[in-house]
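Down below is the structure, laid out as structure tokens.
None of the figures in this text is laboratory data; all of them are computed from the coordinates on show. Treat the numbers as computed from the prediction; the structure is a model and nothing was measured. So basically every Cβ, Gly included, is an ideal-geometry build from the backbone, and we count neighbours across all protein chains shown.
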Amino acid sequence: MTKKLFLILLVLSNCRLAQATEGMWLPLLLQQLNEAEMQSMGMKMTAEDIYSVNRGSLKDAIVHFGGFCTAEVISTQGLLLTNHHCGDEFIQSHSTLEKNYYENGFWAASKSEELPNPGLFATFIIRIEDVTKQVLENVTEEMHPKERQAWVTRNTERVKSEAQREDYQDVMVRPFFEGNQYFLFVTETYRDVRLVGAPPASIGKFGADTDNWVWPRHTGDFSVFRIYAGPGNRPAEYSPENQPYQPRHALPVSLDGVDADDFTLVFGFPGRTEEYLPSPAIEQRVNILNPIRIGIRDRTLEVMNEAMRKDPMVRLQYVSKQSRIANSWKKWIGESQGIRRTNAIAQRQAYEKEFQKRVEANPEWKEKYGSILPRFRQLYAEQEPYAKAREYLGEIAGRNVELFRYANTLHRLVKSYDASGAPGLEPRMGQAQDYIEGFFKDYQPDVDRQVFASLMEVYFNELNPAYQSKFAIEQFVNADKDYQTLASLIYGKSQIIRPDVMRQAIAAGPEGLVTVIREDYAYQFVRNISEVNEGDALKEYQRIQEDIDLLQQEYMKAQMEVFAEKRFYPDANSTLRFTYGQVDGYSPRDAVRYEPQTYLDGVMEKYIPGDYEFDVPEKLQQLYAKKDYGPYGENGRMPVCFIGTNHTTGGNSGSPAIDAHGNLIGLNFDRAWEGTMSDINYDPSICRNIMVDIRYVLFIIDKLGGAGHLIEEMELVHPKG
Ligand code: ASP
């Protein structure tokens, strides 16, 4: 080979490699779109090994965990592995200050000690079909959007009802590429999923908010569950008679670890990405919306963090709630920084310029697609004031102030009563009682009152007065425009935050309950605030959003046509996807290079005795001192986490990292700071997903948790010989 040809090939292959890592692909199209490339990157499997409807394949070991995370089956007895941060609310729900499984860890010594989790479910994907043709039957390009939607709805219902399935299976149809394609999923959902084990929080959440979204990382972010099945291994509600689920496939677990450049496959249920947004949308996100959300959550977290550090009971009650708020808060900060640092907006504008150039050069496209981009700019500008109000009100009234959120949920009972009276509400009373009791279990009015006082400052100072409630302003004036006084009034007078009152109200039946809610001062305050959102601001927002959605559908179609040479993947929508890449470090900034693997040495470097975020359990320190790593160590060291170039997002939390042969090598749980903007703009040079090394998981289960019986259930393999 000549040197020149070699160089050309090298450049081409590098381009392809850089490109290859972007994308969350549909398993059904794997053979057609990805198999060859994956094999060229080192994969030894075939498409059929990953997704098959005829025999057990990797997909049969993957579940949607509770509808918000991913988990994988790792034994023939239905043992399930997911992240600690996916299982934390269940671990927390079984914990008390006396038996604090969250802080100290939990290991069921036998199956009889495994703990049921009402409401938790695990969904398998049995089959995927492309139903685009059927769903878009009779739909034409000229059709009015409403008419189109009516056909799509009608056709979807028909497709679902005609789909072949067993009576214990479910079927759903989801739009892809903004409604330009449709896929059908036949699923099986198991509703008896029990907690088997979890490491102490000082391992499962090591580094907490400081280390979240950051590499180098040292978190043992895993927890263990088990699926139970009814007669015939079929899905069933919880019953003590249920038996461990027997999977069609369980992932073998590799003890050989990873090396740089090793092929990695991440398989799971990514939640939501928006990779094809026009530049004005990204500008709005970074310049307007993210700062609002971040500012509000800064305040909430300041209050919560302080209270949680002071009082172990508050920590236990708020740990899961705080994580949800802090996780997105930090992600948005990283996302905005990443967009700026990588000049993502300018890049997107350059892409749009090229789009427009090609469109203008083709008379048919010009006619159809020529005004898409200018129209986007116009619509986003028009929507901006409503989008801002929606963000403020959504964050304050719908999310951060717990009393607001609670009162808005209770409002649904009032609405139901107004619509159908006591008989309509009667069947929902049990559910209402569970919700109210659940609320009180983890509620500290004093903490919430401080959040309220802090966020009311934002409400009255930052939110456009046009969207402030007159009633709320009156109350504020009555409180001498003092936030603390207002807080004392609201929380002092409110009856719905008093457990004794609410228990009596529930006992009094639908009418009694609704009366207490309706007459409550805090409820009235919240409803007045929320009505503005549900009325003016949100209606306008929605009206414009409908136009934006239609335009985005059109734009997606246009991009696929205009850039026909490009390989498109659909945005994440909580359906089963795979992404592939390689173990690889990266350079976060000039002169700095990150290695792809961390070790227990790094845990000890970060260790701060007694610290809220960086404490290390004594037993782990002892194991480290003795280098007692069993078969899980590597040359006298204990690997902890590694990174790769897989394109992941929220929902991929808990997804398996799989090697070239189909064995489990890690557990996906996060992304590296510099690349958190990958939901909008994936940049292969700095976007990395973070995985716990499976050897660390096994080491913690076995050596720290003393749960060697779980390891015995697994198939441990040595693919590297
Ligand atoms: N840690 C992330 C999350 O839970 C996972 C990700 O987005 O990559 O949202």
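General observations
- By the count of other C-beta atoms within 10 Å, a proxy for reagent exposure, SER678, SER336 are ordered fewest to most as SER336, SER678.
- Measuring between alpha carbons in the structure, the pairs from LYS99/LYS619; LYS388/LYS566; LYS310/LYS619; LYS353/LYS539; LYS59/LYS388 lying more than 30 angstrom apart are LYS388/LYS566; LYS353/LYS539; LYS59/LYS388.
- Estimated 222 nm signal from helices in the chain, with DSSP H stretches of n ≥ 4 weighted -39500 (n - 2.57), rounded to 500: -14500 deg cm²/dmol
- Distance between modelled label sites at ALA466 and LYS366, nm, 7 Å Cα→Cβ extension: 3.8
- With a cut-off of 12 Å between beta carbons, the residues surrounding GLU391 carry a summed charge of +3, where Lys and Arg count +1 and Asp and Glu -1.
- Mean-position separation - Cα centroids, the range 495-526 and the range 235-269, in angstrom: 46
- Segments 298-310, 265-277 sorted - mean Cβ within 10 Å per residue, highest first: 265-277, 298-310
- Shape of the chain, Cα gyration tensor, a/c cut at 1.5: rounded
- The alpha-carbon of LYS44 sits under 13 angstrom from the alpha-carbons of these aspartates and glutamates, leaving out residues fewer than 8 places away in its chain: GLU35, ASP262, ASP659.
- Label-point separation, ARG637 to TYR351 (7 Å along Cα→Cβ), nm: 3.7
- Residues PHE376, PHE121 arranged by fewest to most Cβ contacts within 10 Å: PHE121, PHE376
- Distance from the range 145-191 to the range 354-423 (C-alpha centre basis), Å: 24
- Amide H within-cut-off set for VAL253, under 5 Å, with H built and near neighbours excluded: LEU664, GLU715, LEU716, VAL717
- For the range 494-599, the relative contact order comes to 13 percent (Cα pairs under 8 Å, sequence separation of at least 6).
- FRET efficiency estimate (nearest 0.05) - Cβ-Cβ, VAL592 to GLN31, R0 56 angstrom: 0.90
- Per-residue Cβ neighbour rank within 10 angstrom, fewest leading, GLU546, GLU674: GLU546, GLU674
- For LYS539 and LEU115, a Förster radius of 35 Å and the Cβ-Cβ distance give a FRET efficiency of 0.20, rounded to the nearest 0.05.
- For the range 149-291: rounded, prolate or oblate by the Cα gyration tensor [a/c cutoff 1.5]: oblate
- Length released on extending from THR409 to HIS661, taking residue separation times 0.36 nm less the Cα-Cα span: 85.9 nm
- In this calculation the C-beta distance from LYS99 to ARG272 is compared with R0 = 35 Å, giving a FRET efficiency of 0.45.
- Length gained when the stretch ASN54-ASP628 is fully extended (0.36 nm per residue, less Cα-Cα span): 202.2 nm
- Gain on full stretching of the segment that runs from GLU302 to MET172 - 0.36 nm per residue minus C-alpha separation: 42.6 nm
- Distance between the modelled labels on GLN39 and GLU147, one decimal in nanometres: 4.8 nm (7 Å Cα→Cβ projection).
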